[in-house]
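These notes concern the structure reproduced below.
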Amino acid sequence: MADSCILYYITDRTAFAADERTRRGRLLDKIAEAASAGIDYIQLREKDLCTLDLESLAREAMRIILKLRNEKREQRTALLINSRTDVALAAEADGVHLPANDISPKDVRTAWHEACGAGAPAREISPRSPLISISCHSPQEVAQAAVDSATVVLFAPIFEKKDAPGTTPTGLENLSQACRSKIPVLALGGITLQNAASCLHAGAAGIAAIRLFQENNIAAIVRTLRGG
């Protein structure tokens, strides 16, 4: 569809029907698959985990991504941690995702610069400026995210989701309005290969999803979405 299409995989290890150890292994395999396929962002969204377990999982995910970066110079996948700036810093991830009504991008950058700036312990991996994605549900929220200098917006839900029937979708018209702000806007919510093109035609810079990536061969999805 477009070589420049930004692709964003949101994780959900609980979708793997197995014991916790197996789930964890399958999720790490999926993260490796996504990074190898050229996914731009992976959001580690395992909100049920305690801090210690989330940090451990994030560290393992970063090891996978860094290994691929060392093997392939063009490897560009960034790991973001959902809502937990502290865990992102501890795991030396690339940034964070902020759900609606979370702290501001400014607060994230302040904490990040205090941890990575002059006088702080040396950090070889984490960037001094974090990548920040943010959830938005209206064009007005997207405009504010642009003012706040977030990196990218997840605009949702575009379509009704199978796991949340009755949810009121924002629709393509609102997506089109949201995309007029000066920030990349990714369509999220009920996205399939069949409706992804309509999101891109509405102005979306790319696609964010859980199931679309987690339940399919990611390399094949990437080829289809990017016209490869």
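The values are calculated or read from the model by the stated rules, or taken from the named source; none is laboratory data. Note that this is a predicted model, so its numbers are computed, not measured. Methodologically, a virtual Cβ is constructed for each residue, glycine included, from the backbone with ideal geometry; neighbour enumeration extends over all protein chains shown.
Quick notes on this one:
- Members of the stretch 184-228 that are part of a loop (DSSP other than H, G, I, E, B) and farther than 18 Å from PRO157 by Cα: GLU215, ASN216, ASN217, GLY227, GLY228
- Annotation: of all residues in the stretch 79-130 being surrounded by 14 or more Cβ atoms within 10 Å (Cβ to Cβ) and among the basic types (Lys, Arg), the one that is modelled with the lowest pLDDT is ARG123.
- Of everything in the stretch 16-47 that is assigned to a loop (DSSP other than H, G, I, E, B) and over 17 Å from the mean Cα position of the chain (by Cα), the residue that is farthest from ALA208 (Cα to Cα) is ASP19.
- Candidate set: the stretch 63-115, residues that are among the β-branched types (Val, Ile, Thr) and part of a loop (DSSP other than H, G, I, E, B); chosen: the one nearest to the chain's Cα centre (by Cα): THR77
- Qualifying positions in the stretch 167-183 - among the small types (Gly, Ala, Ser) and either assigned to a loop (DSSP other than H, G, I, E, B) or in contact with a helix residue (DSSP H, G or I) (Cβ under 6 Å, 6 or more places away or on another chain) (or both): ALA178, SER181
- Qualifying residue in the stretch 48-59 (condition: assigned to a loop (DSSP other than H, G, I, E, B) and under 15 Å from the mean Cα position of the chain (by Cα)): no
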